[in-house]
Amino acid sequence: MSRILKVAAAQLGPIALAEPRSSAVGRMIALMKNAKAQGAELVVFPELALTTFFPRWYTEEQSEIDKYFETEMPNKATQPLFDEARKLKIGFNFGFAELVVENGVTRHFNTAVIVNNQGEIAAKYRKIHLPGHTENEPWRAFQHLEKRYFEKGNLGFQVHPVFGGKIGMCICNDRRWPETFRVMGLQGVELVVLGYNTPKHYPPAPEHDHLQEFHNHLVLQAAAYQNGTWIVGVAKAGKEEDCELIGGTCIIAPTGEIVTECKTLADEVILAECDLDRCKEIQENIFNFDLHRQPKDYALITAAKKEPPSNH
Ligand code: CDV
């Protein structure tokens, strides 16, 4: 049986503050049809794909923020996306803000799901590395309030037996942390799918603004190589309200090479034939964990950390 999985990355251009979910879903369906026409079996969308990136705005009104969250999935707004996927027999991955009541407690997560080609949710991930801050910081050109509006994910970094391979997920800031990928690498991951909303401007260190695109590819390429896995990284790109978001959507081979990359900052689809057996080129050689890893010397990595200051 072929181990080649045809994967599309569906970059989204900006989503305006006033843009309804129905519009975002309509754009995603158009991209899904385009991906299917290119032969894709799985199409990957960005983080928080249904709305504008709302953590840019501060409010103390929880009800204002809860408007950006989904209380069920699929729901009325997203059902057409699930229906189209089933009709086209294509799988997809996308991110959304999830509001759930678990054991009587209301919880807010930055979530992504993998949906199989029957339109059924096959796997879920909740973002673990939440960047930004918790209080209003008016000196910033825009806020980044993920630490205020979300809590840390509670599902870990799992690897799922779907689409004939071992597939994992993470979301945006997670990709900057080597541990994210190593935990999945230790489970033999063959494809990691992730979406991101990365501003060009980073208020705490604006001297790094010109490096945003470089850092994006640097971490993704290193992670692919060091774990011998395919990685699909998908941006929400372009000028969203007053914030420039980087593009750079790409598909990376287990050798760390970028196989294909978006050229625009708008809605765009790229595709690669991902031969999952190519993971062995790395996983059985230079990064053969059984032969060469030295975990006893890495103990500090999992030691307890110091508590951060309250507003970070
Ligand atoms: N959505 C994100 O997680 N964005 C962060 C920014 C704030 C640095 C990122 O790592 O791209």
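No lab work stands behind these numbers, since they all come straight from the coordinates. Nothing here was measured: the structure is a model prediction, and the numbers come from that model. Every residue, glycine among them, receives a Cβ derived from its backbone with ideal geometry; neighbour counts consider all protein chains shown.
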**OP:** Could you give the C-alpha radius of gyration of region 1-155 expressed as a fraction of 2.2 N^0.38 Å, taking N as the number of residues it contains?
**Re:** 1.09
Original post:
Picking from Pro55, Gln11, Tyr68, whose Cα lies most toward the positive end of the charge dipole for region 4-107 (charges on Cβ: Lys, Arg +1; Asp, Glu -1)?
Top reply: Gln11
Original post:
Taking neighbour counts of Cβ atoms within 10 Å as a proxy for exposure, in what order, fewest first, do Leu17, Leu5, Leu42 appear?
Top reply: Leu17, Leu5, Leu42
Original post:
Can you give the percent of C-alpha pairs in region 117-248 whose distance is more than 20 Å?
Top reply: 49 percent
**OP:** Determine which aspartates and glutamates satisfy two conditions relative to Lys6: a Cα distance under 13 Å, and not lying fewer than 8 residues away in the same chain.
**Re:** Glu41, Glu273, Asp275
**OP:** At 20 °C and 1.002 mPa s, grab the translational diffusion coefficient of region 1-43 from Stokes-Einstein with a Kirkwood Rh over Cα pairs, rounded to a whole number in µm² per second.
**Re:** 184 µm²/s
**OP:** Express the Stokes-Einstein translational diffusion coefficient of region 2-72 in µm² s⁻¹, to the nearest whole number, given a Kirkwood radius over alpha-carbon pairs, 4 °C and a viscosity of 1.567 mPa s.
**Re:** 93 µm²/s
Original post:
With the contact rule set at Cα under 8 Å and sequence spacing of 6 or more, what percent relative contact order holds for region 153-312?
Top reply: 17 percent
Original post:
What is the pair-distance distribution P(r) of region 254-293, computed from all Cα-Cα distances in 10 Å bins starting at 0, with each bin given as a whole percent?
Top reply: 24, 37, 23, 14, 2
Original post:
What are the DSSP H helices in the chain that stretch 15 Å or more along their long axis, judged by alpha-carbon atoms, and whose average Kyte-Doolittle hydropathy comes to at least -0.5?
Top reply: 21-37
**OP:** Counting helices only, and only those DSSP H runs with n ≥ 4, report the 222 nm mean residue ellipticity of the chain as the sum of -39,500 (n - 2.57) divided by its residues, in deg cm²/dmol to the nearest 500.
**Re:** -6000 deg cm²/dmol
Subject >> Mean projected area (nm²) of the alpha-carbon convex hull when region 192-296 is viewed from all directions >> reply: 8.3 nm²
**OP:** Output the Cα-based Rg and Dmax of region 80-129 in Å, rounding Rg to one decimal and Dmax to a whole number.
**Re:** 12.7, 38
Original post:
Taking the Cα centre of the chain as origin and charging only Cβ (+1 Lys, Arg; -1 Asp, Glu), how large is the dipole, in debye to the nearest 20?
Top reply: 560 debye
Original post:
Radius of gyration and Dmax for the chain's Cα atoms, expressed in Å?
Top reply: 18.7, 57
Original post:
Projected onto the charge dipole of the chain (+1 at Lys/Arg Cβ, -1 at Asp/Glu Cβ, origin at the Cα centre), which of Tyr225, Gln187, Thr78 gives the Cα projection farthest towards the positive end?
Top reply: Gln187
**OP:** Arrange His210, His129 by Cβ neighbour counts within 10 Å, fewest through most, would you?
**Re:** His210, His129
Original post:
How big is the equivalent ellipsoid of region 83-182 along its three axes, where each semi-axis is √(5λ) from the Cα gyration tensor, reported in whole Å from largest to smallest?
Top reply: 28, 16, 14
**OP:** Report the trypsin sites (Lys or Arg not before Pro) located in region 237-312 that are in a DSSP loop and have at most 11 other Cβ atoms inside 10 Å of their Cβ, or state none.
**Re:** Lys263, Lys305, Lys306
Original post:
By count of other Cβ within 10 Å, fewest leading, how are His144, His201, His292 ordered?
Top reply: His292, His201, His144
Original post:
Taking only the alpha-carbon atoms of region 229-288, what semi-axes of the equivalent ellipsoid follow from 5 times the gyration tensor eigenvalues under a square root, in whole Å, largest first?
Top reply: 30, 11, 7
Original post:
Over region 1-101, what relative contact order in percent results from Cα pairs under 8 Å that are six or more residues apart?
Top reply: 36 percent
Subject >> Given charges at Cβ of Lys, Arg, Asp, Glu: the chain dipole, positive-most of Ile167, Phe150, Tyr202 >> reply: Ile167
Subject >> Cα-based convex hull, region 180-252, per residue volume (Å³, whole number) >> reply: 86 Å³
Subject >> Cβ-derived FRET efficiency at R0 30 Å, Leu155 paired with Thr302, nearest 0.05 >> reply: 0.95
Original post:
Where the only charges are on Cβ atoms (+1 Lys, Arg; -1 Asp, Glu), what is the dipole of region 147-234 about its Cα centre, to the nearest 20 debye?
Top reply: 200 debye
